[in-house]
Structure formats: structure tokens, C-alpha cells
Amino acid sequence: MAIQVKQEGNVYTIEPVKGKSLLATAFEQEVPLDYKCQKGNCTRCKVELVKGEEIVNKPTPKEHEQIEDELPEGYRLACQTVPLK
Ligand code: FES
């Protein structure tokens, strides 16, 4: 099942790779997500997870630290979000 994310009004489809972050997978699939630190600190890779929530990890401590208020609205940090299957 493909994952869909939205960033800055653009919707992107990413084919999930188990155990690899959505950001890393986006690079490989030439999906132009914005990013900077790749460590959960800058929030530049923040996306709205449109499709695929059920196959990714729960928000990490970094995500709770950085975007706690937006987690319930379906936002995630792509560098911290990892498909589990
Ligand atoms: S790239 Fe900085 S938080 Fe993900």
C-alpha cells in the first residue's frame, strides 16, 4: 500500500520501504520533500500523513517534543516516520 503525504499544499505518493524513514525513501523515489537536519530537530520535513498511518511507527519522542499539538491532526516528521511493514 502506498503512503501519501502532503507538504506545502503538494500531495506526494511514496512506496513504503519497511524500516526506512519516509524522508530517506522519498529521496530514492525522487519525491522532493523539504528537509534539513534529518534528526527530528528542524521540523522542515513536517508532512500531513494523508494515507498510511496504520503501517507506520507511532510518533517518536522527538516528534512529541517538536510537534505535539499537531500529532492529533495527522502531522508527522518524515525523517522520524518509518513503515513497519
Ligand atoms: S529533517 Fe529536520 S526534523 Fe526532519
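One table, with the values for the structure above:
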read-out: Subset of the stretch 39-68 [buried (at least 17 other Cβ atoms within 10 Å of the Cβ), under 20 Å from Leu84 (Cβ atoms) and not aliphatic (A, V, I, L, M)]; value: Gly40, Cys45, Gly52, Pro59, Glu63
read-out: Residues of the stretch 28-38 that turn out to be surrounded by 15 or more Cβ atoms within 10 Å (Cβ to Cβ) and either in contact with a Ser or Thr (Cβ under 7 Å, 6 or more places away or on another chain) or of a type in the set (A, V, I, L, M, F, W, C) (or both), as a count; value: 2
read-out: Evaluation of Tyr75 against (1) out of contact with any strand residue (DSSP E or B) (no Cβ under 6 Å at 6 or more places or on another chain); (2) open to solvent by 50 Å² or more (accessible area, probe 1.4 Å); (3) within 13 Å of the ligand (Cβ to nearest atom); (4) not β-branched (Val, Ile, Thr) (one fails), failing number; value: (1)
read-out: Within the stretch 5-26, tally of residues that are open to solvent by 40 Å² or more (accessible area, probe 1.4 Å) and closer than 11 Å to Ala78 by Cα; value: 2
read-out: Lone unmet requirement of (1) buried (at least 16 other Cβ atoms within 10 Å of the Cβ); (2) without any contact (Cβ under 8 Å) to a residue 60 or more places away in the chain for Pro83; value: (2)
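The values are calculated or read from the model by the stated rules, or taken from the named source; none is laboratory data. Bear in mind the structure is a predicted one, so any value in this text is a computation, not a measurement. We place every Cβ from the backbone using ideal geometry, glycine too, and count neighbours over all the protein chains shown. Protein only, heavy atoms only, side chains kept; ligands, DNA and RNA dropped before computing areas. Shrake-Rupley method; radii C 1.70, N 1.55, O 1.52, S 1.80 Å.
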